[in-house]
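A.B. asks: Sharing a structure with you now.
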Amino acid sequence: LPSAATAGVAWQNLGVDEAIARGRQENKPILIEFFATWCGPCQQLDAQVWSREDVAAEIRDHYVAIRLDGEQGAGPQAMRRFHVVGFPTTLVVGDDGNEIDRIFGIDAPAEFLLQIRNLRQGIGTVQDLEERLARTPGDLLLRFEVGARWAIRGDERRALKHLDIVVRRDAQNGRGLAAKTMLTLGNYLYLRGQK
């Protein structure tokens, strides 16, 4: 894996705080890709997504984009800062330094492009999902999604606020959500996380 550039996306050679400062100056969110050299899905992301001109144009026009090896240099510290627990993880961070949302893994190229467009516009972000949940508090699947997003970020308090309700309302696992919730908690807060 190249450390600074792939065929399509022109990654900027900046640290996280420098990228945030540039995002503030340019009024753009920051896109941070975390990768590892041994990571097969990271290599697939390079070949199928970052190499595409439509993805490169979206990023060039709307983001300050940096790429960090999660195992070298500033990568491990940035991973701890944003509770990144696996590769590849693509973060979208506001110019205030706070995470807007993330994409964990890789989707089909067109879906990935749609996701980074939507996140930039606030569509499908955890904040958007929280607002939808406030309008439909009985939507257990949506509540699971909100809680899972907070768990992936390592925010135990916010994750448990939602996931506890999911487990209590699906106590017999009739909808399959209680088991899914426990797996999510185990993966993101305990096995890979803080405990």
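A.B. asks: For the range 156-191, give me each residue that is in contact with a helix residue (DSSP H, G or I) (Cβ under 9 Å, 6 or more places away or on another chain) and not in a helix (DSSP H, G or I).
C.D. replies: Answer for the range 156-191, where residues must be in contact with a helix residue (DSSP H, G or I) (Cβ under 9 Å, 6 or more places away or on another chain) and not in a helix (DSSP H, G or I): 170, 171, 172, 173, 175.
A.B. asks: Which of the residues spanning the range 124-136 are surrounded by fewer than 19 Cβ atoms within 10 Å (Cβ to Cβ) and within 16 Å of residue 31 (Cβ to Cβ)?
C.D. replies: Answer for the range 124-136, where residues must be surrounded by fewer than 19 Cβ atoms within 10 Å (Cβ to Cβ) and within 16 Å of residue 31 (Cβ to Cβ): just 124.
A.B. asks: Return the residue satisfying two criteria in turn: it lies in the range 61-84 and is in a loop (DSSP other than H, G, I, E, B) and in contact (Cβ under 8 Å) with a residue 12 or more places away in the chain, and of such residues it is farthest from residue 153 (Cα to Cα). Reasoning before the result, please.
C.D. replies: Looking only at the range 61-84, we keep the residues that are in a loop (DSSP other than H, G, I, E, B), and these are 63, 70-74, 83-84.
Still in the running and in contact (Cβ under 8 Å) with a residue 12 or more places away in the chain: 63, 70-71, 74, 83-84.
Numbers: 63: 21, 70: 16, 71: 19, 74: 19, 83: 6, 84: 7 Å.
Applying the filter and picking the extreme gives 63.
A.B. asks: Mind listing whichever residues of the range 159-184 are open to solvent by 20 Å² or more (accessible area, probe 1.4 Å) and within 17 Å of residue 104 (Cβ to Cβ)?
C.D. replies: Quick first cut of the range 159-184, residues open to solvent by 20 Å² or more (accessible area, probe 1.4 Å) only: 160-161, 164-165, 167-169, 171-176, 179-180, 182-183.
Once the filter is applied, which keeps residues that are open to solvent by 20 Å² or more (accessible area, probe 1.4 Å) and within 17 Å of residue 104 (Cβ to Cβ), the range 159-184 yields 180, 183.
A.B. asks: Residue 124 versus (1) within 18 Å of the chain's Cα centre (by Cα); (2) not in a loop (DSSP other than H, G, I, E, B): which is the lone unmet condition?
C.D. replies: Every listed condition holds for residue 124 apart from (2).
A.B. asks: All but one of (1) within 10 Å of the chain's Cα centre (by Cα); (2) open to solvent by less than 10 Å² (accessible area, probe 1.4 Å) hold for residue 99; state the number of the condition that does not hold.
C.D. replies: Among (1) within 10 Å of the chain's Cα centre (by Cα); (2) open to solvent by less than 10 Å² (accessible area, probe 1.4 Å), the lone unmet condition for residue 99 is (2).
A.B. asks: Within the range 108-118, take every residue that is free of Cβ contacts under 8 Å to residues at least 40 places away in the same chain and either within 15 Å of residue 31 (Cβ to Cβ) or touching an Asp or Glu at 6+ places or on another chain (Cβ under 7 Å) (or both) and give me the one that is most open to solvent (accessible area, probe 1.4 Å).
C.D. replies: So the residue we want is 114.
A.B. asks: Can you give me the number of residues within the range 14-34 that are under 12 Å from residue 92 (Cβ atoms) and free of Cβ contacts under 8 Å to residues at least 40 places away in the same chain?
C.D. replies: 0
A.B. asks: Looking only at the range 37-51, which residues are surrounded by 19 or more Cβ atoms within 10 Å (Cβ to Cβ) and touching a helix residue (DSSP H, G or I) at 6+ places or on another chain (Cβ under 7 Å)?
C.D. replies: Scanning the range 37-51 gives a single hit, 49.
The values are calculated or read from the model by the stated rules, or taken from the named source; none is laboratory data. This structure is a prediction, so every number in the text was calculated from the model and none was measured. Don't worry about glycine lacking a Cβ; one is built from the backbone with ideal geometry, like all the others, and counts go over all protein chains shown. Areas reflect the complete protein model, heavy atoms only, side chains present, ligands, DNA and RNA absent. Shrake-Rupley method; radii C 1.70, N 1.55, O 1.52, S 1.80 Å.
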